[in-house]
1. Counting only trypsin sites (Lys or Arg not before Pro) that sit in a DSSP loop (anything but H, G, I, E, B) with at most 16 other Cβ atoms within 10 Å, what is the longest stretch of the chain containing none of them?
2. How large is log10 I(q)/I(0) at q = 0.13, 0.18 Å⁻¹ when the Debye formula is applied to the Cα atoms of the chain, each weighted equally and without solvent?
3. Cα-based count: Lys pairs in the chain below 22 Å, eight or more positions apart or different chains?
4. Taking amide H positions as placed 1.01 Å from N in the peptide plane, with prolines and chain starts having none, which residues 5 or more places from Leu9, or on another chain, fall under 5 Å of its amide H?
5. Kindly write out, for the range 53-59 in residue order, the coupling ³J(HN,Hα) from the Karplus curve 6.51 cos²θ - 1.76 cosθ + 1.60 (θ = phi - 60°), rounded to whole Hz, with x marking Gly and Pro.
Amino acid sequence: MARIDTKNLSDSLKYFLEKEAAEKNLSLNKLTKEIFEDYTKDKLSFESEKRFNDSINQAIKILNKNTETVDTYIKSNAKLIEILTEE
């Protein structure tokens with residue numbers, strides 16, 4: 001599993017993470033792994049929601065286009081009936 005590389009962190013951030021790990025009785029590696037997993041899960045959840053919303057928006061566009069097509073078809077048929085029933 002992936003984790004955050006603590007070698008490249010600033011001293012103050014590393015100190016904060018070490019303090020947090022000690023409070024939770026975890027190793028620093030375990031804590032950074034959990035942080036990374038939570039971030040990834042939230043990011044994937046956001047991406048999944050975005051894809052779902054994009055799909056719904058696309059479906060709405062298609063339905064609107066189909067509604068326009070049906071509306072045009074009905075108007076055309078009404079006009080044709082009007083022409084055919086003229087005396």
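No value in this document is a laboratory result; all are computed from the given coordinates. Note that the structure is a prediction, hence the values are computed from the model and not measured. Positions of Cβ are backbone-derived with ideal geometry, glycine not excepted, and every protein chain shown enters the neighbour counts.
1. For trypsin sites (Lys or Arg not before Pro) (loop position, at most 16 other Cβ atoms within 10 Å), the longest site-free span of the chain is 25-87.
2. Log10 of I(q)/I(0), two decimals: -0.66, -0.86.
3. Close lysine pairs found across the chain: 20.
4. none
5. 4, 4, 5, 4, 4, 5, 4
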